[in-house]
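A.B. asks: The structure's right below; bear with me while I get my questions together.
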Amino acid sequence: MIILLFGKPGAGKGTQAPLLAAALGVPTLATGDELRAAIRNGTPLGLEAKSYMDRGDLVPDAVILGIIKVALSEPRHARGVLLDGVVRTVAQAEGLAAVCEELGQDVKAVLCLDIDDEEIVRRLAGRTVCENCQTPYTGREPGTTCDKCGGNLVRRPDDEPDAIRNRLAVYERQTAPVLAWYREHGTRVAIIDAVGSVRDVTARALGALAT
């Protein structure tokens, strides 16, 4: 059972992934985590990825998908896995499909967390972090004081409203077409209302898988 978790930046994938995985009894698999592990362990693919990163280049899809293929082959993923951030483009969806075919697996469903763009801007622009100890805050304005160390709270550049809107525009151009690709190839796509409490969103996602 391979479930693909999908959604705009700020839709709540990082919050929902461990909760959904725990409820389904499967581990999560995130591209960033697997990439860092491969580099840390000095695997051939990890070393190849590191060579690109050291040059300041993007790691090619072929290398990333190779790392994902190795991970999916491991016993810890034998019962299934929740993929978080593995597919961001149609080319990556096609590559993952080829990997799954080689392994005799397939993507059972795509869960897409859906939320209005302006709500995402409001959410992400409301995040600040202490510039000293890096403690994150939600709903605290830049320039206020960190409760933990007394440091100054700042908003990360990626969380500035204009930067958020740019990321959402990139998502619409590059990532949103992935949903149509999965529909066209017969994979079930469930759109989940991601507004509400964390518990409610989790319940909606699990309900969509059960129906």
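Here, each number is a calculation from the coordinates, and none is a lab measurement. Remember, it's a predicted structure, so these values are computed and weren't measured experimentally. As a convention, Cβ positions derive from the backbone with ideal geometry for all residues, glycine included, and neighbour counts pool all protein chains shown.
A.B. asks: Quick one: 3J(HN,Hα) in Hz for region 201-209, Karplus 6.51/-1.76/1.60 with θ = phi - 60°, rounded, Gly and Pro as x.
C.D. replies: Values, residue by residue: 5, 4, 4, 5, 5, 5, x, 5, 6 Hz.
A.B. asks: Suppose the Debye formula is applied to equal point scatterers at every Cα of region 109-211; what is log10 I(q)/I(0) at q = 0.22 Å⁻¹?
C.D. replies: Cα-only, vacuum Debye calculation for region 109-211: -1.10.
A.B. asks: Straight distance only, please: which lysines reach the Cα of Lys108 with their own Cα at less than 28 Å, same-chain residues fewer than 8 apart left out?
C.D. replies: Partners found: Lys8, Lys13, Lys69.
A.B. asks: Out of Gly126, Gly42, Gly56, any idea which swings most in a Gaussian network model of the chain, alpha carbons joined below 10 Å?
C.D. replies: For the chain, modelled as a Gaussian network with Cα springs under 10 Å, the answer is Gly56.
A.B. asks: Please report Rg over Rh for region 80-143, where both radii come from the alpha carbon positions and Rh follows the Kirkwood definition.
C.D. replies: Using Cα coordinates only, the ratio equals 1.19.
A.B. asks: Given the Cα atoms of region 57-105, and with Rh set as the inverse mean 1/r over their pairs in the Kirkwood sense, what is Rg to Rh to two decimals?
C.D. replies: A ratio of 0.95.
A.B. asks: Still on this structure: Can you give me the long-range amide H partners of Val189? Hydrogens built in the peptide plane at 1.01 Å from N, cutoff under 5 Å, separation of 5 or more residues or another chain.
C.D. replies: Hits under the 5 Å cutoff: Val110.
A.B. asks: Just add up the charged neighbours of Pro177: K/R +1, D/E -1, any other residue whose Cβ is under 11 Å from the Cβ of Pro177.
C.D. replies: With Lys, Arg at +1 and Asp, Glu at -1, the net is +1.
A.B. asks: Give me the net charge for the shell around Asp193: Cβ to Cβ below 10 angstrom, other residues only, Lys and Arg +1, Asp and Glu -1.
C.D. replies: -1
A.B. asks: So, one more: For the chain, what is the mean residue ellipticity at 222 nm derived from helices alone (per DSSP H run of n ≥ 4: -39500 (n - 2.57); sum divided by total residues; nearest 500 deg cm²/dmol)?
C.D. replies: One gets -14500 deg cm²/dmol as the mean residue ellipticity at 222 nm.
A.B. asks: Using alpha carbon centroids, what distance separates region 136-162 and region 163-200, in Å?
C.D. replies: For region 136-162 versus region 163-200, the Cα centre distance is 28 Å.
A.B. asks: Can you give me the angle between helix 13-24 and the longest principal axis of the chain, using Cα atoms only, in degrees from 0 to 90, rounded to the nearest 10?
C.D. replies: Here the helix axis deviates by roughly 50 degrees.
A.B. asks: Quick one: if you take sqrt(5λ) for each eigenvalue of the C-alpha gyration tensor of region 1-121, what semi-axes come out, biggest first, whole angstrom?
C.D. replies: Over the Cα atoms of region 1-121, the ellipsoid semi-axes are 23, 19, 14 Å.
A.B. asks: Using Cα-only point scatterers and the Debye equation, what is log10 of I(q)/I(0) for region 129-186 at each q in 0.19, 0.27 Å⁻¹, rounded to two decimals?
C.D. replies: Those come out to -0.70, -0.99, one per q.
A.B. asks: Can you tell me the alpha carbon radius of gyration of the chain divided by the globular rule-of-thumb value 2.2 N^0.38 Å?
C.D. replies: 1.09
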